[in-house]
Amino acid sequence: MASVHESLYFNPMMTNGVVHANVFGIKDWVTPYKIAVLVLLNEMGRTGEGAVSLMERRRLNQLLLPLLQGPDITLSKLYKLIEESCPQLANSVQIRIKLMAEGELKDMEQFFDDLSDSFSGTEPEVHKTSVVGLFLRHMILAYSKLSFSQVFKLYTALQQYFQNGEKKTVEDADMEQTNREEGERKMEKEELDVSIREEEVSCSGPLSQKQAEFFLSQQASLLKNDETKALTPASLQKELNNLLKFNPDFAEAHYLSYLNNLRVQDVFSSTHSLLHYFDRLILTGAESKSNGDEGYGRSLRYAALNLAALHCRFGHYQQAELALQEAIRIAQESNDHVCLQHCLSWLYVLGQKRSDSYVLLEHSVKKAVHFGLPYLASLGIQSLVQQRAFAGKTANKLMDALKDSDLLHWKHSLSELIDISIAQKTAIWRLYGRSTMALQQAQMLLSMNSLESVNAGVQQNNTESFAVALCHLAELHAEQGCFAAASEVLKHLKERFPPNSQHAQLWMLCDQKIQFDRAMNDGKYHLADSLVTGITALNSIEGVYRKAIVLQAQNQMSEAHKLLQKLLIHCQKIRNTEMVISVLLSVAELYWRSSSPTVALPVLLQALALSKEYRLQYLASQTVLNLAFAQLILGIPEQALSLLHMAIEPILADGAVLDKGRAMFLVAKCQVASAASYDPPKKAEGQTLPHTGEDPGEEPVCDALPAAASRTALSWGALDKSSLVRASLLIHYIDEKIWDLFTCPPSM
């Protein structure tokens, strides 16, 4: 912790009623608020155990720690906190402070003299080494160092502090009892709130070292785990600026300012605060004291490493690579293997699109295990699993690798990485088309309690892993047609991750995609087109793909074809296989909608080969459905039926409800077309076809379809997606025959 710069605060000084009693020798000083806390402690010691119930004393003990460590608050707020825990004690504290503030200076002197009696006796009220005992001793020592003029100024500040608190209490009581017009009451309340806030800022002064440490650690923990409970970016920056005004060499405050600027995507301020943080570390010599002569170089190489991470976050890859090269050079000169391992990990992040990036990653994992860096090793394994999933490795090998990383997590209690691992499994199962397994993993993550809770009432952290799991959950519900449930999940996401939080883009994109799919299914193409802009702002590739789908639905085939071809070339270049297959399916659909089913066949075969190679089962099933439909258009429904036997099971098991309907409708169309094209053998005179419900013997089930149903189905043979509602009537009519189809041999 950096101390206050000696050239600025060499002599004891006083600002706005706050006494700085030799800031360099004493880490704490006396303020009117701390006198009020001392009065509370004194009253708790004077009050007998019988006067305060066990539950009230327990609540008071829980209240003490934040009061001792937190920043100064107004007297009215302090009264309110004490009253919530023990109303009787709040009244005693209020009377005691009133007598001291309205009395004379000697009353405050006598109060501090009596504090020393708390440590006397065979059974003292307070132990010297306890938290309360250390606080009392610091206050007594700080008060004894004050001169007479400083004591007088402190007493004047106490009187002003009491008067402001009484004024606020009286005005609050008047506001509750009177019933004026609502508009005038709101105006008065807003003016009152502004004045109180200005008083708090003007009288707060600098925080002590312990208060500053508690404030910074609390806000940093909230920014990491639960950003909604942290101060807003503007309020936090205001507090940090006030803290740095009294202590400009406070390195930790600069780093928290860097994290706060990252929340609002401020590149300039983030870089400025990050460089100031490492400059202060070098100037104060904090690193040199803990790391010997290597402290100066250590700050430089980690400054370059963090600067590379900052540029990488904002997409400045060239600047990130230059900063990373500088960090590697300094780390090699100092023989810092830990820093080199971090640099190796960031090298993979910058070059993960290259073909040889997996070599860097494997080497990074091996070195991290060798040097005993479990966090870095686990992150490397997670990245390696993700890369292997995109490369088409089997699921069992990936799950075995994740099992090994889970052993590291539980062994070293890395709760954050446990959440990341489960979210990774959810994404992998969805990539492979196993929606049931993905749903199970997402629910497992949401039902887990964090190992390090943010506070006593929160056992789940609002981290990126929870946002990813909730987004998958919303999409899975929307795929099954449960849009109300998906809306509830998105509502919960918006509450846990407000729009200004760093993970809000995840649910924003998820919400836009769900609305787009619903608009397309309802035939509201103009509404879907308006959503494309929002999707493009969050994900450019996804936005271009959705734009092509809208153009295709609006029968703008040439424009859609040009857009899909450009997107296909780009996705092949960046090796986005999943999007490549989706684009190929859209191109094939465009061909057969343009009455060119023969041209669509090679495209579909290419998509099928890719989906089989990369083991994307659900996309493979969709490709087979498109192939079957193309064969149906070409007039070979028997081969289409044999293909449907291959694809129907994954679709019915893990497919979306719309895909299930399309598959069943296609089976019905192929079945009816096969029945219509079937040429029955000549029968003996008087022999008739079996009626519905009779045993057809060895003949296929297709022969049992009524002729009227066959003619009706053939008249609907060219229906598109918007005709599913009418087609469902036919599917319901021949439902039993369709299920009998699955027991027929493929050769029929």
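The values are calculated or read from the model by the stated rules, or taken from the named source; none is laboratory data. Everything quoted here is computed from the prediction, not taken from an experiment. Note that each Cβ is placed from the backbone with ideal geometry, even for glycine, and that neighbours are counted across all protein chains shown.
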Looking only at segment 3-22, decide whether some residue is at pLDDT 50 or above, more than 23 Å from Asn91 (Cα to Cα) and in contact with a Ser or Thr (Cβ under 9 Å, 6 or more places away or on another chain).
no
Tally time: how many residues in segment 185-241 are modelled with pLDDT under 55, of a type in the set (S, T, N, Q) and surrounded by fewer than 19 Cβ atoms within 10 Å (Cβ to Cβ)?
2
Criterion (at pLDDT 85 or above, assigned by the TED database to the domain that holds Leu146 and either touching a Ser or Thr at 6+ places or on another chain (Cβ under 6 Å) or on the phi > 0 side of the Ramachandran plot (or both)) met by exactly one of Leu99, Leu105, Leu63, Leu38
Leu63
Scan segment 324-334 and give yes if some residue there is within 28 Å of the chain's Cα centre (by Cα) and in a helix (DSSP H, G or I), otherwise no.
yes
Please give the number of the condition Lys393 fails out of (1) under 23 Å from Leu506 (Cα atoms); (2) assigned to a loop (DSSP other than H, G, I, E, B); (3) of a type in the set (D, E, K, R).
(1)
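Residue-by-condition table, conditions (1) β-branched (Val, Ile, Thr); (2) under 40 Å from the mean Cα position of the chain (by Cα); (3) buried (at least 18 other Cβ atoms within 10 Å of the Cβ):
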{"position": "Leu625", "(1), (2), (3)": "no, yes, yes"}
{"position": "Ala630", "(1), (2), (3)": "no, no, yes"}
{"position": "Ala647", "(1), (2), (3)": "no, yes, yes"}
{"position": "Asp654", "(1), (2), (3)": "no, yes, yes"}
{"position": "Val657", "(1), (2), (3)": "yes, yes, no"}
{"position": "Leu666", "(1), (2), (3)": "no, no, yes"}
{"position": "Val672", "(1), (2), (3)": "yes, no, yes"}
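Restricting attention to helices (runs of 4 or more DSSP H) lying wholly within segment 491-596, give those where 1 or more residues are farther than 21 Å from His472 by Cα and in contact with a helix residue (DSSP H, G or I) (Cβ under 6 Å, 6 or more places away or on another chain).
So the answer is 525-538, 540-553, 557-574, 577-593.
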Search result, residues across segment 75-122 that are outside any helix (DSSP H, G or I) and of a type in the set (Ser, Thr, Tyr):
Ser120, Thr122
Looking only at segment 549-595, which residues are surrounded by 14 or more Cβ atoms within 10 Å (Cβ to Cβ) and among the small types (Gly, Ala, Ser)?
Ala553, Ala560, Ser582, Ser586, Ala588, Ser594
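Just to be sure before I move on: is Ile381 part of a helix (DSSP H, G or I), under 22 Å from Gly351 (Cβ atoms) and among the aliphatic types (A, V, I, L, M) in the structure I sent?
yes
Output the residue which, of all residues in segment 256-275 that are among the polar types (S, T, N, Q) and in a helix (DSSP H, G or I), is surrounded by the most Cβ atoms within 10 Å (Cβ to Cβ). Break it down stepwise before answering.
First, the residues of segment 256-275 that are among the polar types (S, T, N, Q): 257, 260-261, 265, 269-271, 273.
Now narrow it down to the ones that are in a helix (DSSP H, G or I): 257, 260-261, 269-271, 273.
Numbers: Ser257: 24, Asn260: 26, Asn261: 21, Ser269: 15, Ser270: 21, Thr271: 17, Ser273: 23.
This residue is Asn260.
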Among the residues listed as Phe148, Phe119, Phe112, Phe162, the single one being at pLDDT 80 or above and over 18 Å from Tyr33 (Cβ atoms)
Phe148
Could you please find all residues in segment 369-378 being over 23 Å from Lys425 (Cα atoms) and part of a helix (DSSP H, G or I)?
His370
Sort out which residues of segment 567-613 are within 20 Å of Asp659 (Cβ to Cβ), within 33 Å of the chain's Cα centre (by Cα) and of a type in the set (A, V, I, L, M, F, W, C), and write them in order of number.
Met579, Val580, Ile581, Val583, Leu584, Leu585, Leu610
Restricting to segment 575-622, name every residue that is closer than 24 Å to Leu652 by Cα, among the charged types (D, E, K, R) and in contact (Cβ under 8 Å) with a residue 40 or more places away in the chain.
Glu578, Glu613, Arg615
Condition check: surrounded by fewer than 22 Cβ atoms within 10 Å (Cβ to Cβ) and polar (S, T, N, Q). Does Gln617 satisfy that?
yes
If you take the residues of segment 241-255 that are in contact with a Phe, Trp or Tyr (Cβ under 9 Å, 6 or more places away or on another chain) and in a helix (DSSP H, G or I), which of them is nearest to Ala309 (Cα to Cα)?
Tyr255
Single unsatisfied condition, Asp356 versus (1) buried (at least 16 other Cβ atoms within 10 Å of the Cβ); (2) modelled with pLDDT under 85:
(1)
With respect to the numbered conditions (1) aromatic (Phe, Trp, Tyr); (2) farther than 16 Å from Phe466 by Cα; (3) buried (at least 20 other Cβ atoms within 10 Å of the Cβ), which one is the sole condition not fulfilled by Phe497?
(2)
